[in-house]
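Heads up: the structure comes next, in structure tokens.
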Amino acid sequence: MRRFSLIVLYTALTLGANAALAEVPPGVEVIKPFLTGEMAKMVPASEALTLPEAALLDAADGAADLAPYRDKVLLVNFWATWCAPCRAELAALDRLQGELGGETFAVMTVATGRNPVPAIEKLFADEGISHLPILRDTDQAFARASGVLGLPVSILVDRDGTEIARLVGDAEWDSDEAKALIRALLDRPAAQP
């Protein structure tokens, strides 16, 4: 029993030491003061992880053009048509994209798993969604590579493609707290090569 306890203690110390040595993305310090209210549910990244490459489909079953998302601050939202909390936050995501989306920021919604295009289009029409893209991760490869284990999950990514924080569950993405957090990240200069 004593040997088992020492192994557990040694493993915990080793893992803790490695986490302490990991490079925390600079954007984490920028957003920490803004993790209040609705955004208090966001978990800052503990190490610099790059958003994985994605092979997504568009509404016409073609390869989605992801070029418009490069070099922007992104809020990548993983959702599904059958997920009630996902559906509940789409309107707020749409309003956020309508207000802040443009050359430096975008909301990138990714329907992961089985989400028939007609069901997505009907949902968007019923909810008045007009600013969000229809991007699909039908085989869930992008979601898995991004460490998404449930839905909805939103990942905040800086201009360099580095994860800054993630939120599991739904949120009021058009709240004052959410907009302040995103604006703080937008005000941060991009890293120099």
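The values are calculated or read from the model by the stated rules, or taken from the named source; none is laboratory data. Keep in mind it's a predicted model, so treat the numbers as computed, not measured. As a convention, Cβ positions derive from the backbone with ideal geometry for all residues, glycine included, and neighbour counts pool all protein chains shown.
If the Cβ limit is 6 Å and pairs must be 6+ apart or interchain, which residue in segment 26-47 that is closer than 11 Å to Glu177 by Cβ pairs with which residue that is among the acidic types (Asp, Glu)?
Thr36/Glu177; Gly37/Glu177; Glu38/Glu172; Glu38/Glu177; Met39/Glu177
Among the residues that make up segment 80-91, is at least one of them over 17 Å from Asp187 (Cα atoms), touching a Phe, Trp or Tyr at 6+ places or on another chain (Cβ under 9 Å) and among the charged types (D, E, K, R)?
Yes; the residues of segment 80-91 include at least one that is over 17 Å from Asp187 (Cα atoms), touching a Phe, Trp or Tyr at 6+ places or on another chain (Cβ under 9 Å) and among the charged types (D, E, K, R).
If I go through segment 70-105 residue by residue, how many of them are without any contact (Cβ under 8 Å) to a residue 40 or more places away in the chain and either buried (at least 21 other Cβ atoms within 10 Å of the Cβ) or touching a Leu at 6+ places or on another chain (Cβ under 6 Å) (or both)?
2
Quick one: in segment 4-55, which of the residues that are charged (D, E, K, R) and over 21 Å from Val148 (Cα atoms) is modelled with the lowest pLDDT?
Filtering segment 4-55 for residues that are charged (D, E, K, R) and over 21 Å from Val148 (Cα atoms), the one modelled with the lowest pLDDT comes out as Glu23.
Return the residues of segment 37-62 that are in contact with a helix residue (DSSP H, G or I) (Cβ under 6 Å, 6 or more places away or on another chain) and not in a loop (DSSP other than H, G, I, E, B); say none if nothing qualifies.
Gly37, Glu38, Met39, Pro44
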